[in-house]
Amino acid sequence: MTILIPYASLEASPWKNGGGSTTEIAISPPLAGLDTFDWRISLATIASSGPFSVFAGIDRTLALVDGPGVTLDIDGDSRFVLGDDDPVLEFAGEAQVIATVGERPTTDFNVMTRRARCSHQLGKRSLSGTSGFATRADVTILFLAEGDSLEVSGDDERIGMVRYDAVLFEGESIWTLEAGQATIFIVDIYFHED
(Lines give C-alpha, C1' and ligand atoms only; values in the text may rest on other atoms or scores of the structure.)
Protein backbone atom coordinates (compact mmCIF):
# COMPACT_ATOMS: atom_id res chain seq x y z
CA MET A 1 0.00 0.00 0.00
CA THR A 2 1.23 3.50 -0.88
CA ILE A 3 -0.28 6.68 0.60
CA LEU A 4 0.54 10.28 -0.33
CA ILE A 5 0.29 12.62 2.65
CA PRO A 6 0.05 16.20 1.31
CA TYR A 7 1.43 18.77 3.74
CA ALA A 8 -1.31 21.20 2.65
CA SER A 9 -3.91 18.84 4.14
CA LEU A 10 -2.31 18.84 7.62
CA GLU A 11 -2.89 21.20 10.54
CA ALA A 12 -0.41 22.46 13.10
CA SER A 13 -1.24 22.00 16.80
CA PRO A 14 0.18 24.64 19.16
CA TRP A 15 2.12 23.40 22.16
CA LYS A 16 0.61 23.81 25.61
CA ASN A 17 3.60 25.90 26.72
CA GLY A 18 3.22 28.24 23.72
CA GLY A 19 6.80 27.61 22.59
CA GLY A 20 6.02 26.14 19.19
CA SER A 21 3.74 23.85 17.23
CA THR A 22 3.68 20.32 15.82
CA THR A 23 2.21 19.14 12.54
CA GLU A 24 1.54 15.42 12.70
CA ILE A 25 2.38 13.75 9.38
CA ALA A 26 1.56 10.12 10.21
CA ILE A 27 0.85 7.95 13.23
CA SER A 28 0.24 4.25 13.82
CA PRO A 29 -2.17 2.88 14.72
CA PRO A 30 -4.35 5.51 13.01
CA LEU A 31 -6.00 7.89 15.49
CA ALA A 32 -3.65 6.73 18.29
CA GLY A 33 -2.90 9.18 21.08
CA LEU A 34 0.49 10.26 22.39
CA ASP A 35 0.34 7.48 24.98
CA THR A 36 -0.71 4.70 22.61
CA PHE A 37 1.13 5.12 19.28
CA ASP A 38 3.61 2.55 17.95
CA TRP A 39 5.28 5.17 15.77
CA ARG A 40 4.74 8.83 14.92
CA ILE A 41 6.22 11.19 12.33
CA SER A 42 5.81 14.95 12.67
CA LEU A 43 7.20 18.35 11.78
CA ALA A 44 7.85 20.65 14.73
CA THR A 45 8.48 24.39 14.75
CA ILE A 46 10.34 25.54 17.86
CA ALA A 47 9.72 29.26 18.31
CA SER A 48 10.99 29.86 21.83
CA SER A 49 13.27 28.20 24.36
CA GLY A 50 11.95 25.66 26.85
CA PRO A 51 11.77 21.98 27.85
CA PHE A 52 10.69 19.15 25.55
CA SER A 53 7.83 16.88 26.56
CA VAL A 54 8.95 13.59 28.10
CA PHE A 55 7.99 10.39 26.25
CA ALA A 56 8.94 7.37 28.37
CA GLY A 57 9.70 4.22 26.37
CA ILE A 58 10.10 6.13 23.10
CA ASP A 59 13.18 6.42 20.87
CA ARG A 60 13.40 9.77 19.07
CA THR A 61 15.29 11.23 16.13
CA LEU A 62 15.28 14.93 15.24
CA ALA A 63 16.51 16.26 11.90
CA LEU A 64 16.88 19.94 11.00
CA VAL A 65 14.66 20.98 8.09
CA ASP A 66 14.66 24.78 8.16
CA GLY A 67 16.05 27.66 10.18
CA PRO A 68 19.31 28.22 12.03
CA GLY A 69 18.94 25.23 14.34
CA VAL A 70 18.54 24.79 18.09
CA THR A 71 20.78 24.01 21.06
CA LEU A 72 19.63 21.03 23.13
CA ASP A 73 20.77 20.36 26.70
CA ILE A 74 20.17 16.68 27.50
CA ASP A 75 19.84 15.40 31.08
CA GLY A 76 21.89 18.34 32.32
CA ASP A 77 25.19 16.78 31.27
CA SER A 78 25.47 17.05 27.49
CA ARG A 79 24.84 19.76 24.93
CA PHE A 80 24.11 19.26 21.25
CA VAL A 81 23.70 21.94 18.58
CA LEU A 82 21.21 20.71 15.98
CA GLY A 83 22.36 22.76 12.99
CA ASP A 84 23.96 22.62 9.56
CA ASP A 85 27.10 20.88 10.87
CA ASP A 86 25.18 18.24 12.86
CA PRO A 87 21.65 18.10 11.44
CA VAL A 88 20.46 14.83 13.07
CA LEU A 89 20.18 13.80 16.73
CA GLU A 90 18.98 10.51 18.27
CA PHE A 91 17.92 10.45 21.92
CA ALA A 92 15.67 8.65 24.41
CA GLY A 93 12.20 10.07 24.91
CA GLU A 94 12.58 9.90 28.70
CA ALA A 95 15.58 12.24 28.59
CA GLN A 96 15.18 15.70 30.08
CA VAL A 97 15.76 17.98 27.07
CA ILE A 98 15.83 21.78 27.18
CA ALA A 99 15.84 23.64 23.87
CA THR A 100 17.46 27.04 23.39
CA VAL A 101 16.37 28.88 20.25
CA GLY A 102 18.23 31.79 18.68
CA GLU A 103 16.74 34.78 16.89
CA ARG A 104 14.62 32.76 14.48
CA PRO A 105 12.43 29.67 14.90
CA THR A 106 13.69 26.28 13.77
CA THR A 107 11.71 23.57 11.98
CA ASP A 108 12.62 19.96 12.70
CA PHE A 109 11.51 16.56 11.43
CA ASN A 110 10.63 14.32 14.37
CA VAL A 111 10.50 10.50 14.38
CA MET A 112 9.27 8.60 17.44
CA THR A 113 8.96 4.83 17.88
CA ARG A 114 7.80 2.87 20.92
CA ARG A 115 10.85 0.85 21.97
CA ALA A 116 8.87 -2.23 23.02
CA ARG A 117 7.10 -2.49 19.65
CA CYS A 118 9.39 -1.20 16.90
CA SER A 119 12.57 0.64 15.94
CA HIS A 120 13.50 3.15 13.26
CA GLN A 121 16.33 4.43 11.12
CA LEU A 122 16.47 7.87 9.49
CA GLY A 123 18.45 8.44 6.31
CA LYS A 124 19.05 11.61 4.31
CA ARG A 125 19.61 11.68 0.57
CA SER A 126 20.27 14.44 -1.98
CA LEU A 127 18.68 14.03 -5.39
CA SER A 128 19.39 15.53 -8.78
CA GLY A 129 17.80 14.00 -11.86
CA THR A 130 16.58 10.40 -11.82
CA SER A 131 17.51 7.71 -9.30
CA GLY A 132 16.22 4.40 -7.94
CA PHE A 133 14.60 3.87 -4.57
CA ALA A 134 13.82 0.53 -2.89
CA THR A 135 11.79 0.10 0.28
CA ARG A 136 12.89 -2.72 2.58
CA ALA A 137 11.29 -2.06 5.97
CA ASP A 138 7.85 -2.95 7.33
CA VAL A 139 6.94 0.72 6.84
CA THR A 140 8.93 3.36 4.97
CA ILE A 141 8.16 7.08 4.94
CA LEU A 142 9.72 9.33 2.32
CA PHE A 143 9.64 13.05 3.22
CA LEU A 144 10.57 15.89 0.83
CA ALA A 145 12.64 18.13 3.12
CA GLU A 146 14.02 20.47 0.44
CA GLY A 147 13.12 21.12 -3.17
CA ASP A 148 10.10 22.36 -5.07
CA SER A 149 8.91 19.01 -6.34
CA LEU A 150 9.63 15.30 -6.57
CA GLU A 151 8.05 12.61 -8.70
CA VAL A 152 7.84 9.06 -7.35
CA SER A 153 6.90 6.44 -9.93
CA GLY A 154 6.46 2.68 -9.95
CA ASP A 155 5.21 0.14 -12.46
CA ASP A 156 1.61 1.31 -12.24
CA GLU A 157 1.68 4.39 -10.01
CA ARG A 158 2.97 7.95 -10.28
CA ILE A 159 2.97 10.32 -7.31
CA GLY A 160 3.78 14.03 -7.45
CA MET A 161 5.15 15.67 -4.30
CA VAL A 162 5.87 19.24 -3.22
CA ARG A 163 7.98 20.39 -0.26
CA TYR A 164 7.01 18.82 3.09
CA ASP A 165 4.78 16.19 1.44
CA ALA A 166 5.34 12.60 2.54
CA VAL A 167 4.65 9.17 1.05
CA LEU A 168 4.06 6.12 3.21
CA PHE A 169 5.04 2.70 1.81
CA GLU A 170 4.25 -0.66 3.35
CA GLY A 171 6.45 -3.63 2.51
CA GLU A 172 9.13 -4.00 -0.14
CA SER A 173 8.84 -2.20 -3.48
CA ILE A 174 11.00 -0.51 -6.12
CA TRP A 175 10.47 3.07 -7.32
CA THR A 176 12.03 5.75 -9.51
CA LEU A 177 12.60 9.22 -8.06
CA GLU A 178 12.89 12.29 -10.27
CA ALA A 179 13.69 15.82 -9.11
CA GLY A 180 15.60 18.84 -10.34
CA GLN A 181 17.25 19.32 -6.94
CA ALA A 182 15.88 17.87 -3.71
CA THR A 183 16.72 16.53 -0.27
CA ILE A 184 14.66 13.67 1.12
CA PHE A 185 14.47 11.98 4.49
CA ILE A 186 13.80 8.25 4.48
CA VAL A 187 12.40 6.69 7.65
CA ASP A 188 12.49 2.90 7.92
CA ILE A 189 10.33 1.38 10.66
CA TYR A 190 10.83 -2.24 11.74
CA PHE A 191 8.37 -4.03 14.01
CA HIS A 192 9.72 -6.49 16.55
CA GLU A 193 8.59 -10.05 16.10
CA ASP A 194 6.22 -11.22 18.85
Here, GluC sites (Glu not before Pro) of region 22-126 satisfying both criteria (DSSP loop; at most 15 other Cβ within 10 Å) are E94, E103
Among trypsin sites (Lys or Arg not before Pro) in region 4-82, those in a DSSP loop whose Cβ has at most 16 other Cβ atoms within 10 Å are K16
With a 1.4 angstrom probe the carbon and sulfur portion of accessible area for region 140-194, in percent, totals 41
Check: C-alpha center region 102-116 vs C-alpha center region 1-22, spacing in Å is 12
For the chain, dividing by residue count, accessible area per residue (probe 1.4 Å) in Å² works out to 51
Mean separation of Cα contacts under 8 Å (at least 6 apart) over the residue count of the chain, i.e. the relative contact order in percent, is 23
In whole angstrom, largest first, the equivalent ellipsoid semi-axes that the Cα gyration tensor gives for the chain are 27, 20, 15
So the carbon and sulfur contribution to the accessible area of region 1-109, 1.4 Å probe, in percent, is 52
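The values are calculated or read from the model by the stated rules, or taken from the named source; none is laboratory data. Bear in mind the structure is a predicted one, so any value in this text is a computation, not a measurement. Please note: Cβ atoms are built from the backbone with ideal geometry, for glycine as well, and neighbour counts cover all protein chains shown. Ligands, DNA and RNA are excluded from the accessible area calculation, which covers all protein heavy atoms including side chains. Shrake-Rupley method; radii C 1.70, N 1.55, O 1.52, S 1.80 Å.
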